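One structure below.
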Amino acid sequence: MPVDIRITLPDGTQRAAPSGTTARAIAEGIGPRLAQAALAARVNDAIWDLDRPLRADGRVEIITEQDPAALEVLRHSAAHVLATAVRQLFPEAKIGFGPAIEDGFYYDFEVPRPFAPDDLQTIEARMREVAAADYRFVREEVDRAEAGRRFRDDPLKLERLAELGDDEVITVYSDGPFTDLCRGPHLPSTGRLKHFHLLHAAGAYWRGDSRRQMLQRIYGTAWLTKADLDAYLHRLAEAEKRDHRVLGRQLDLFSIQEEVGPGLILWHPRGATIQFELRRFIEDEVLRRGYQLVYTPHVTREDLFIRSGHLPLYAHNQFPAMAAGEGEAANVRYRTKPMNCPMHTLIYAAQQRSYRDLPLRLAEVANVYRNELSGTLHGLLRVRGLTMDDAHIFCREDQIEDEIYDLLDLTDLVLRRTFGFEYRLDLATRPAKKIGGDAAWDIAEAALRQALDRRDLRYGLDAGGGAFYGPKIDIKLKDAIGREWQGATIQLDYQMPERFQLEYTGADNRPHRPVMMHRAIFGTLERFVGCLIEHFAGAFPLWLAPEQVRILPITDAQNEAARAVHRRLRDAGVRAAIDDRNDTLNYRIRDAELFKVPYMAVIGQREADQGTVALRVRGAGRKQEIVAVDAFLARVIDEIRRRALTLGTSA
Ligand SMILES: [Zn+2]
Ligand SMILES: [Zn+2]
């Protein structure tokens, strides 16, 4: 007679069940529909297979499609189905790891030759057969010797096995013909996997280590419904069209060249124009808000970063040290700077500060260098040379709330009011391991909350997610096709002022320690421009467009009139160009369209005689409107000044 265990359901009710019962049996006891929908179970906060025997009292919650945890179980199970198919088609393939990842899954294989696109089609077809066979995922606990026997032909699995501690329960899972060393959990059977697609294959080092062998990684995506899968594939296709690396080349914005080095951006004139406009925008804006601009060197003695605490902790993120120049001691080393904080801190410390001087807001659009792993570099999004729109604010504790309030306003101005991004905020509060007393953290967290509330902003709470040196607000923005990007961060810091012994003289005539804030609104200009390229699909709003107007005389007879219009635009600060090449008008129009130029001003003889242009607006097709040059000029200038998001809109 088995002992009974006590199961607590999510609604708080309890029921007794024989030891060895399963979540599936519990679901069946609740109702046939729940049993049908069940994919896995949450047992005391861990995710379990539906059929794994329960042997102790505990809370049990049935996981169905509605549960956010379902997708990960589905995707990881899809990786097993993929490996099942690959092993059937390529019996010599050795298996590595196969985790769920964001939006999908992958599996690594050691094979004699890379997979071709044709292979992926064949593998996907075989995966459908594996799913149709509806093999149960069977979990077994085995001892080390048995596991060694099962994977004797899989050296990668044996390597993993050797790492498992003696007290770890070793589990293997089988679905039909395939067995894997895995912790689980999985779907009840392969038939529950219906909506999936293989995406591509790529080389990947075993365990991400470039000294180990190169494996072949197959990526796939899997979803709970066909609609979700279709929407995701559509998003992927959209994203591919918007890929900033492709558009960056087409629009001649930037390049990354072998001779310069990976992760180092060459901004071509068109891309540099965008960067320049963004800089000018943020610098003008912060000057209006009481910041002061500073400029600091790209290299510094490395002792500075030892004092700030960045070395040796983040040495892997910095470029190696260089010898000092002539006239310095032999043991002095320099580094390119990975951040500006210590230098801004020294500017603060260069003077005696009084409470009346605060807040002191120092801003710098600065180049910093970080030694990112070459495998993680990606176009403008992950680089080694970064241009930060950095700022540090030094203030009194009673000023934190107002400063945060203004930073949230600046963020909103840039992200929503200027670029039309939706964004969301997360407040990350004190972690268990932290510096500074609870009283200081109480004040800081309350100030952040009050500032968020005063702006009537909804925000998520990331309890315990703050840095050890202070709480922060993380901002994530959503682009035109619904992807989320890491945006600005506003970070409070109690450590740096401590390390650098910063002080100000209070109203009480005694020394006090200021609070420091780090913040970047764009983050880095590389990443932000990459994001803008994809968000706008290269069709930038007028104020950012590298070329704002292209003037097209129909024949040589209108060249003089075209040059006159060009001069007027340029004198007004508008970026305009003339295309008077000997090509057909249609060809030249097509060329301007390829460069996504916002306005084309076509000038024929009638326009030349009447002081007008035939205006073609980007995105409006063949439609032309005849506008007086004066009116056109006024309109363009107004749209640039307002940083209008759409063309041809009036204020
Ligand atoms: Zn697994
Ligand atoms: Zn900083």
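So, counting K/R as plus one and D/E as minus one, what does the shell of residues with Cβ under 10 Å around Phe196 add up to?
Values: positive: Arg75, Arg128, Lys194; negative: Glu124.
Here the count lands on +2.
Within the range 415-485, report the chymotrypsin sites (Phe, Trp or Tyr not before Pro) that DSSP leaves as loop and that have at most 16 other Cβ atoms within 10 Å. Sites meeting the loop and neighbour criteria: Phe468. By the rule of a C-alpha distance below 23 Å, with chain neighbours fewer than 8 residues away ignored, the lysines paired with Lys623 are Lys596. Placing a pseudo-label 7 Å from each Cα along the Cα-to-Cβ vector at Leu158 and Leu377 gives an inter-label distance of 3.8 nm.
Listed by chain and number, the lysines whose C-alpha is less than 20 Å from the C-alpha of Lys478, apart from same-chain residues fewer than 8 away, are Lys241. The trypsin sites (Lys or Arg not before Pro) of the range 576-639 meeting both criteria, a DSSP state outside H, G, I, E and B (loop) and at most 11 other C-beta atoms within 10 angstrom of the site's C-beta, are Arg581, Arg622, Lys623. Taken over the range 328-451, the alpha-carbon convex hull comes to 210 cubic angstrom per residue. Rounded to the nearest angstrom and listed largest first, the equivalent-ellipsoid semi-axes of the range 384-508 from its Cα gyration tensor are 26, 16, 16. When shorter helices are ignored and each DSSP H run of at least 4 residues is given -39500 (n - 2.57), the per-residue value for the chain at 222 nm works out to -10000 deg cm²/dmol.
Fewest-first ordering of Ser19, Ser174, Ser308 by other beta carbons within 10 Å of each residue's beta carbon gives Ser19, Ser174, Ser308.
Just round it to a whole percent: the fraction of Cα-Cα distances in the range 288-370 exceeding 15 Å.
The proportion of pairs with Cα distances above 15 Å equals 62 percent.
For the cross-link pairs Lys157/Lys194; Lys94/Lys157; Lys337/Lys433, the ones whose C-alpha atoms lie over 19 Å apart are Lys157/Lys194; Lys337/Lys433. Determine the distance separating the Cα centre of the range 194-229 from the Cα centre of the range 239-316; give it in Å without decimals. Using only Cα atoms, the two centres lie 31 Å from each other. Seen from Asp426, the other residues with C-beta closer than 12 Å to its C-beta sum to a net charge of +1, counting Lys and Arg as +1 and Asp and Glu as -1. A cut-off of 5 Å between modelled amide H atoms, ignoring neighbours fewer than 5 places along the same chain, links Ser189 with Phe137. Across the chain the C-alpha pair distances fall into 20 Å bins from zero in the proportions 15, 37, 36, 12, 1, 0 percent. Net length available on complete extension from Ala446 to Lys194 is 85.9 nm, with 0.36 nm assigned per residue and the Cα-Cα distance removed. Under 5 Å from the amide H of Ala488 lie the amide H atoms of Ile475, each residue being 5 or more positions distant or on a separate chain, with H modelled from the backbone and absent for Pro and chain starts. Computed 3J(HN,Hα) for the range 375-388, one whole-Hz value per residue from the Karplus formula 6.51 cos²θ - 1.76 cosθ + 1.60 where θ = phi - 60°, is x, 9, 5, 7, x, 8, 7, 9, 10, 9, x, 10, 9, 9, glycine and proline marked x.
Local charge for Arg575 was computed over the other residues whose Cβ lies under 15 Å away, with Lys and Arg +1 and Asp and Glu -1, and equals +4. For the range 14-61, relative contact order (Cα pairs under 8 Å, six or more residues apart, normalised by length) works out to 42 percent. The relative contact order of the chain, computed from alpha carbon pairs under 8 Å that lie at least 6 residues apart in sequence, is 9 percent. When only Cα pairs below 8 angstrom with a gap of at least 6 residues are kept, the range 261-367 shows a relative contact order of 33 percent.
Since every read-out is calculated from the coordinates, none of them should be taken as a lab result. No experiment lies behind these values; they were computed from the predicted model shown. All Cβ positions, glycine included, derive from the backbone under ideal geometry; neighbour counts span all protein chains shown.
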